[in-house]
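Bear in mind that the values in this text are calculations on the coordinates, not laboratory data. All values reported here derive from a predicted model rather than from experimental measurement. Cβ sites come from the backbone with ideal geometry, for glycine too, and all protein chains shown count toward neighbours.
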């Protein structure tokens, strides 16, 4: 792949890794905050572009994943960007209720890394609020 | 690894992939916008936490990468978060001059994905401004 073409042209040449995946950063179009990181395969990227709704590849389930199909929390893509060497995409999304994490929280990034008294890294809650009950939503 | 411990505890248990890497989303503490996605190995994560400056693992060069060591554009970590299943970190950073991309631009995400006249995906410039000349900076 020509470096100049990847980095300086207006050709969309997404580069999938050895597993056929490209990481996708998903941020909130409202707050700008990071909601999640997930992966797309070629089909998921195509479906996302065609439908305007985020589709990922679920690595744990090994299947195409239309985000919100189970929970109702569909992500409408407001903008998609690609990085310099086209091995990562970034989507900014709008959602009726901004509940992106399977734990029921707004964002998957609900804990920050801090140092504990001994100087070792530990976590601290940033957002504990559950916007939905995963037990109910995913077991329908 | 216990799912509850990963997702609901305050233990920092970062999960590195088969290559020993964890993806890191880097956003601007000023604007909140995504600057780049890079990868950390265990050492890079440790150095980032110890020094408060972003260290990554350069996959292209196969070496520890203290961001800004060549360009001067060091990233001071304001906050680090980890996602639900602890296989991704997110850092919010402050920089003297916010030039994060090796192409000389503020962010690696300087092009958006649009549909061209035929309906196929193509790119469009969002930010063409070069904050530094990569030819000069990286060939010192």
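What single numbered condition from (1) surrounded by fewer than 20 Cβ atoms within 10 Å (Cβ to Cβ); (2) at the interface with chain A (Cβ under 9 Å from one of its Cβ atoms); (3) touching a strand residue (DSSP E or B) at 6+ places or on another chain (Cβ under 8 Å) fails to hold for residue B:85?
(3)
Quick one: residue B:90 ticks every box in (1) in contact with a strand residue (DSSP E or B) (Cβ under 6 Å, 6 or more places away or on another chain); (2) more than 8 Å from chain A (Cβ to nearest Cβ); (3) surrounded by 21 or more Cβ atoms within 10 Å (Cβ to Cβ) except a single one, so which number is it?
With (1) in contact with a strand residue (DSSP E or B) (Cβ under 6 Å, 6 or more places away or on another chain); (2) more than 8 Å from chain A (Cβ to nearest Cβ); (3) surrounded by 21 or more Cβ atoms within 10 Å (Cβ to Cβ) applied to residue B:90, the lone miss is (2).
Condition test on residue B:76, is it under 17 Å from residue B:26 (Cα atoms) and facing chain A (nearest Cβ under 10 Å)?
When the stated conditions are applied, residue B:76 does not pass them.
Scanning region B:41-61 for residues that are assigned to a loop (DSSP other than H, G, I, E, B) and within 14 Å of another protein chain (Cβ to nearest Cβ), which turns out nearest to residue A:38 (Cα to Cα)?
Taking the candidates together, the pick is B:59.
Given the structure, is residue B:111 touching a residue at least 12 places away in the same chain (Cβ under 8 Å) and surrounded by fewer than 19 Cβ atoms within 10 Å (Cβ to Cβ)?
So residue B:111 fails the test.
Are any residues in region A:93-124 facing chain B (nearest Cβ under 7 Å) and in a strand (DSSP E or B), and if so, which ones?
The answer is A:111, A:112, A:113, A:121, A:122, A:123, A:124.
Here are the criteria: (1) more than 10 Å from every other protein chain (Cβ to nearest Cβ); (2) touching a strand residue (DSSP E or B) at 6+ places or on another chain (Cβ under 6 Å); (3) closer than 22 Å to residue A:119 by Cβ. Tell me which single one residue B:5 does not satisfy.
Here residue B:5 meets the rest and fails (2).
Got a sec? Which of A:13, A:37, A:64 is in contact with a helix residue (DSSP H, G or I) (Cβ under 7 Å, 6 or more places away or on another chain), at negative phi and within 11 Å of chain B (Cβ to nearest Cβ)?
Of A:13, A:37, A:64, the one residue that is in contact with a helix residue (DSSP H, G or I) (Cβ under 7 Å, 6 or more places away or on another chain), at negative phi and within 11 Å of chain B (Cβ to nearest Cβ) is A:13.
Which count do you get for residues in region B:39-73 that are buried (at least 16 other Cβ atoms within 10 Å of the Cβ), more than 14 Å from the chain's Cα centre (by Cα) and farther than 13 Å from residue B:24 by Cβ?
1
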